[in-house]
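Report on one structure; see the data block that follows.
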């Protein structure tokens, strides 16, 4: 980012807190950040970090942020959206990481010319290893897109989408995806226990296998398919297992396709609700 930018963060729970910590680690000065958070314990922790905060954004209207980042729970957005308008009226862009709220919804609440960015991060953002997909409303200018890109990269990688409909697919793949990986690890541990290993050994083997494989996949120049092939000796033990997992009817791929489609469908339903 070639110049500094200021951020008002509304909601500082797990995801909002992850973004805030990422910004601070990236070197964004604390005086360029304000936080509106109703939880008093969280506010006290923020004050220890030198962050000016308040229970409501209405107490921070003397601040003129470039970006208002909305990170509240979806059911709370109706309660706080009116507190955003004083800032957007003065030209602040909105960055929403709230599931199920489309760009048009924010325009109806804040004005048709409001610059809105809709993003879908995922939970690995909490350790700076996330990936976030984002789409901009047509009013966004290059400088604003650069600022948003910088904010989101504080938590990991960023992908810019071509249209808002793709957010539902992203939600089903990367937004919900960590749960799929966690469940794979859980199931692998349970299989190991069922085969006779102790709970401690089974869980350690499962977790280290998944995390180690992920690290190898990230650092390797080879595709996941090639890495799988490298592990698989013809007629060997891995091949025997993959005969089950790669069954075209009952295997992992058709099951995961069903799961992603179910998540995508639910995301669309939430957007229309």
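Readers should treat all values here as calculations from the given coordinates under stated rules, not as data from a laboratory. What you see is a predicted model, and the numbers here were worked out from it, not measured in a lab. A quick note on method: Cβ atoms are made from the backbone with ideal geometry, for glycine too, and the neighbour counts reach across all protein chains shown.
Here are a few things to note about the model shown:
- Axis angle, to the nearest 10 degrees, between helix 252-272 and the longest C-alpha principal axis of the chain: 20 degrees.
- 207, 135 arranged by Cβ crowding within 10 Å, fewest neighbours leading: 207, 135
- Tilt relative to the chain, helix 199-219 - C-alpha long axis, 0 to 90 degrees, to 10: 70 degrees
- Springs join every pair of Cα atoms under 10 Å in this Gaussian network model of the chain, and among 178, 65, 254 the largest mean-square fluctuation is at 254.
- Helical content of the chain, expressed as a calculated mean residue ellipticity at 222 nm, amounts to -14500 deg cm²/dmol (DSSP H runs of 4 or more residues, -39,500 (n - 2.57) each, divided by residue number, nearest 500).
- Overall Cα dimensions of the stretch 7-166, principal axis frame, Å, largest first: 40, 33, 29
- Given the alternatives (i) 0.97; (ii) 1.04; (iii) 1.16, Cα Rg over 2.2 N^0.38 Å as computed for this entry is given by (iii).
- Full extension of the chain between residue 186 and residue 164 yields a length gain of 4.6 nm, computed as 0.36 nm times the residue separation minus the alpha carbon distance.
- Translational diffusion of the stretch 104-245, µm² s⁻¹ [Kirkwood Rh, Cα pairs; Stokes-Einstein; 37 °C; 0.692 mPa s]: 180 µm²/s
- DSSP finds beta bridges in the chain, and of those with both partners inside it, around 15 percent are antiparallel.
- Contour minus Cα-Cα distance for residue 228 and residue 208 (0.36 nm per residue): 5.5 nm
- Residues considered: 57, 140, 206. Largest GNM mean-square fluctuation over the chain, using C-alpha springs under 10 Å, is found at 206.
- Largest GNM mean-square fluctuation among 90, 208, 14, using the chain with Cα springs under 10 Å: 208.
- Residue separation of residue 90 and residue 201 scaled by 0.36 nm, minus their Cα-Cα distance, works out to 34.2 nm of gained length.
- Alpha-carbon centroids, the stretch 62-96 and the stretch 180-258: separation in whole Å: 43 Å
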